[in-house]
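Below you'll find the structure, written out as C-alpha cells, and then a few comments.
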C-alpha cells in the first residue's frame, strides 16, 4: 500500500523539525551566554584582587601612607620627609658614667630620627604637639608603642597657611623591625597611619670596661 503525503503534511513536518532545531540553537546560545557571564565574572574578580594587591584601588594594601607622601589631614597636610639612623649616647662614650643621663642608647638599640612636616591649610589656627605622634615597632609578631623621646619639632600654635618642620627621635632595637608612625589628627577619630618600612641597624662592637 503506497503512502501518500500531502503537501500540507510535509510542511507541518518540516515546521516541527525546524522548530526543534531552533529551540536547540536557542538553548545552546543561552548556555554559551551563561558560561560567558561566569567567565567574565571570574576574570574581573581576579583582576580586582590583583589590583588590590598592587595597591591600585585606593592606597596601599593595609591603608597606610608612605614616606614622602603628602597626607591630607582635617586641617591640611602631614608628611614624613625621611627617616635616618643617628648615633645615640652610649655607655662607652661616657666611660661608664651613665647614671642619670637621659637619651642613653645601649649596644642592643639604635636611635632614629623621623623628619616630619605639618602644614595648616585651614582658616583657623591649630595647636601642634609632638605627642600627637606615636611610633609602632613590630618585631617577631609583637608590637610596642612609644612616644618621641626627643627632637626639635616644636609644640606650638600654627597659623592658617603656615607650617612647621622638625624631627622626632626614637630608640629602636637593632634587630630587624617594622616601623609605623601614627599621627592623631584632632579633627578625626582614627589616626593617620604612615608606613616607615623595615629597618635593621648595623651591629656595633661590644662595650668593654677597663
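Specify which of the listed residues (176, 142, 147) is more than 14 Å from residue 118 (Cα to Cα) and out of contact with any strand residue (DSSP E or B) (no Cβ under 9 Å at 6 or more places or on another chain).
None of the other options fit; the residue is 142.
Condition (residue is buried (at least 16 other Cβ atoms within 10 Å of the Cβ), at pLDDT below 95, part of a strand (DSSP E or B) and touching a strand residue (DSSP E or B) at 6+ places or on another chain (Cβ under 9 Å)) applied to the range 183-199: is it met by at least one residue?
Looking through the range 183-199, at least one residue is buried (at least 16 other Cβ atoms within 10 Å of the Cβ), at pLDDT below 95, part of a strand (DSSP E or B) and touching a strand residue (DSSP E or B) at 6+ places or on another chain (Cβ under 9 Å).
Sort out which residues of the range 52-74 are surrounded by 11 or more Cβ atoms within 10 Å (Cβ to Cβ), part of a loop (DSSP other than H, G, I, E, B) and modelled with pLDDT of 50 or more, and write them in order of number.
Correct list: 63, 64, 67, 69, 70, 73, 74.
Looking only at the range 162-181, which residues are surrounded by fewer than 17 Cβ atoms within 10 Å (Cβ to Cβ) and within 18 Å of the chain's Cα centre (by Cα)?
178
The values are calculated or read from the model by the stated rules, or taken from the named source; none is laboratory data. Note that this is a predicted model, so its numbers are computed, not measured. No Cβ is skipped: glycine too gets one built from the backbone with ideal geometry, and neighbour counts run over all protein chains shown.
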